[in-house]
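Worksheet: one structure, shown below.
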Amino acid sequence: MVGGRFVLLDRIGAGATSRVRRAYDRVERRYCAAKLVRCDGRTSVLRVVREQALRLAHPHVVTPYASCMAGEDVLLAMDLVGGGSLETLLGDYGRLPPEYAAEVLDQMLAALGRIHRAGIVHRDVKPANLLLEPSPVGAPHVRLADFGIALGDDDVRFTTTGFAVGTPGYLAPEVLDRDRPGPRQDLYAAGMVGWRMLTGAGDPEPRQRIGARPAGVPPMLWTVLSHLCDPDPARRFADADAARRALAPHRPDLRFPALTVDGEPLQIFDHLGAPPAHAR
Amino acid sequence: MGVAAETVVRNRVLQTEWYGEPLGDRVRRLLARLDLSQSALAGVLGLSAPMLSQLMSAQRAKISNPAVLHRLLAAEELAADPGFRSMPAAEVKERLAAIGAETAATTSGLRLADSGRAAGGRPSDGAAQGGPPHGDLAQGGAAQGSAAQGGVADGAPVHAEQPARVVQSLLREVASAADIEAAAGLIGDRFPDLAELLRVYGNGRTSEAEAHYARVVRGARGY
């Protein structure tokens, strides 16, 4: 039991500086994801304080709803999202059908629109940070998570390394070259996520060129992607909402149960299963 | 028989058609040989644990991600290596990590070098060779394959088995196992040798393809 409130259960994930456990929240009487961040330096303390301070209610965003100290760690309590991540989905199915990719892209852009309006740049948009709710018929419900290195508008830089932070293939050229973070770097990263969904390729290289439109992808969808991935930030969409508007006319309705490109059922599995027995 | 049981029976038939045997049998043999847990193997293959379980229990028939099939073939090849039994655990671990690191784009063509060079199939190597780091998947396989062959820069001889794998990669890039099987069925009566070629390289194991290649090409050239 942590903080008189959270019963820590099984381990459900780990990152570079944190571990994630399933937990039972006795106050809210529900299961949650408890992200335990080791606070062993100024940087990590600042990061966790900042992530903790984000309280963004949005259907496509996961941010902490409560926090407490847990020994050496800080515990951030968040909604439990059990369907794995978009990375898992791409591993299981490879290339996704264009209309499916367009839906995921739209939800991702909706999340980015919301956080950018709040003055926050995520800076680490990638498939592993896009969580999915389980769905046996494959209905995608994307939730943007891990605001560990997010940056506010008025922030002083607080990384200790002096290097751009993030994941190389998803970092926009202006960040790689001149370390100029801004909301449009998230649009670039979203474009690279779209490129992976439509091509089935692995992680992009830095300055990945999206190449020729794969067979079966509608031309306008590929055009939207190429604008998101433009190396020049000034030529990307002005904001996430503009990208969504460009995408809207080219987004056919999804039919369920969803199917993969080779006609197999596209299911989003429950990766967590039933919680282990515990005291309430 | 209930609907679920019927599905399993049907899927096992499909898996036998596509993969030579039900995936449960095939994967369990690999698990025993590699001495891995199911979830560890899922990690190597780049599949989620529930997906591997669904495929093994034939709740699902098909491996949808072609990169996963390539990694499965690579892992089986490692397990079948004559030196495997005497291989130190650290090396096995390293080889498996290299197989796991192969991405969709690189597995389509770069797994040309023998499995000891599996690590050479990483995207950074593609970039170092000046080729496109990830080619357009529809076309990239063959082009990257030739780049990789040129990339065996230390003068290592190109093994005779490698062309078999190039053909395998190429076929699997342009058509699914079911399509290849259907195409072979269509031409089988009039062109049995061509149909066999499609089946062996399209849906057979790497070892079968290599044996076919050795028999046909080396035989014809009088090696």
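The values are calculated or read from the model by the stated rules, or taken from the named source; none is laboratory data. For clarity, every value in this text was computed on a predicted model and none was experimentally measured. Counting neighbours? That spans all protein chains shown, and the Cβs are built from the backbone with ideal geometry, glycine included.
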Selected residue (criterion: nearest to B:LYS93 (Cα to Cα)) from residues of segment B:38-51 that are within 9 Å of chain A (Cβ to nearest Cβ) and in contact (Cβ under 8 Å) with a residue 24 or more places away in the chain: B:LEU45
Within segment B:174-187, residues being buried (at least 17 other Cβ atoms within 10 Å of the Cβ) and among the charged types (D, E, K, R) number 1
Quick check on A:ASP270: is it more than 21 Å from A:LEU105 (Cα to Cα) and surrounded by 15 or more Cβ atoms within 10 Å (Cβ to Cβ)? yes
Tell me, which residue of segment A:228-243 that is aliphatic (A, V, I, L, M) and touching a residue at least 12 places away in the same chain (Cβ under 8 Å) is nearest to the other protein chains (Cβ to nearest Cβ)? A:LEU228
A:ASP270 vs. criteria in a loop (DSSP other than H, G, I, E, B) and on the phi < 0 side of the Ramachandran plot: yes
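Okay, residues lined up against (1) at pLDDT below 95; (2) crowded, with 22+ Cβ neighbours inside 10 Å; (3) over 14 Å from the mean Cα position of the chain (by Cα); (4) farther than 27 Å from B:VAL174 by Cβ:
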position	(1), (2), (3), (4)
B:GLY24	no, no, yes, yes
B:LEU47	no, yes, yes, no
B:ILE63	no, yes, no, no
B:LEU73	no, no, no, no
Applying the selection to segment B:66-81, what residues are in contact with a Ser or Thr (Cβ under 6 Å, 6 or more places away or on another chain) and within 14 Å of chain A (Cβ to nearest Cβ)? B:ALA67, B:HIS70
Could you list, in sequence order, all residues of segment A:206-221 that are within 14 Å of another protein chain (Cβ to nearest Cβ), of a type in the set (A, V, I, L, M) and without any contact (Cβ under 8 Å) to a residue 40 or more places away in the chain? A:ILE210, A:ALA212, A:ALA215
Quickly run through segment A:90-143 and pick out the residues that are part of a loop (DSSP other than H, G, I, E, B) and more than 28 Å from B:VAL68 (Cβ to Cβ). A:ALA118, A:GLY119, A:HIS122, A:ARG123
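Residue by residue, here is whether (1) within 14 Å of chain B (Cβ to nearest Cβ); (2) modelled with pLDDT of 95 or more; (3) in a helix (DSSP H, G or I); (4) over 30 Å from A:TYR24 (Cα atoms) holds:
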site: A:ASP177; (1), (2), (3), (4): no, no, yes, yes
site: A:ARG180; (1), (2), (3), (4): no, no, no, yes
site: A:TRP195; (1), (2), (3), (4): yes, yes, yes, yes
site: A:PRO204; (1), (2), (3), (4): yes, yes, no, yes
site: A:THR223; (1), (2), (3), (4): no, yes, yes, yes
site: A:SER226; (1), (2), (3), (4): yes, yes, yes, yes
site: A:ARG245; (1), (2), (3), (4): no, yes, yes, yes
site: A:PRO257; (1), (2), (3), (4): yes, yes, no, yes
site: A:ARG280; (1), (2), (3), (4): no, no, no, no
